[in-house]
Amino acid sequence: MASKRKTVNWCLSLSAALIFTSGCASIRPDIDYNPEQDFRQYNNYSWLPAKKDAENTLGNDLVRSRIINAIENGLAAKGYQKVTIDSEVDFLLSYHLSVETKFNVSTIHSGTGYYPWGSRYGYGYGYGGGVSHSDTIIREYKAGTLVIDIVDKNDNQLAWRGAAQSRLTKNISPEERTEKINKVVNAILEEFPPL
């Protein structure tokens, strides 16, 4: 009875660990920047006007608001200030959002067989046989990519770009959507400014 209890406890611990790690999968942003840019001069920012052709399936007002709030809160936590007076602006900010269809392909191989060889005395003819089977599963999903651009105000050139991709999830609450957007934005902004 005690060994059964240990096995059950071990399985429960393993299940909890798997759920925790799958819920905290790390987001690895892709970062690029101008190495000659002096990012120490940046203190204040303003948003670039949104492009009208940037609409896509996720480009609704709720998503836009969540992304802008997450970026502004992330920059404020780093000490950057949003300003409206043009002469005080050090850098300009914009973001882009895209959605693409991706595929996850996995193949499972299984087999069984019987492979005796020789007789019980160690000599003679052998025989054997077996059956194998493979199943390929293709799963389609949507992935969203968020790109945050920082443009130098003085030369109007891209100074820094951060991007991250995450699998889109359907049927989640507004709070869960906000939390997911915050997680992606924070992962990107963790790399700004470059050291």
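Here are a few things to note about the model shown:
- Annotation: extensible slack from H109 through D32 equals 23.6 nm (criterion: 0.36 nm per residue apart, minus Cα-Cα distance).
- Maximal additional length on extending the N171-R40 stretch stands at 43.0 nm, based on 0.36 nm per residue less the C-alpha distance.
- Links that overshoot a 23 Å alpha carbon limit, given the list K102/K170; K51/K78; K153/K183: K51/K78; K153/K183
- For the peptides 141-154, 167-180, 69-82, the ranking by mean Cβ contacts within 10 Å, running from highest to lowest, is 141-154, 69-82, 167-180.
Just so you know, all these numbers are worked out from the coordinates, no wet-lab data involved. Quick caveat: nothing in here was measured; it's all calculated off a predicted structure. Glycine also receives a Cβ, built like all others from the backbone with ideal geometry; neighbour counts cover every protein chain displayed.
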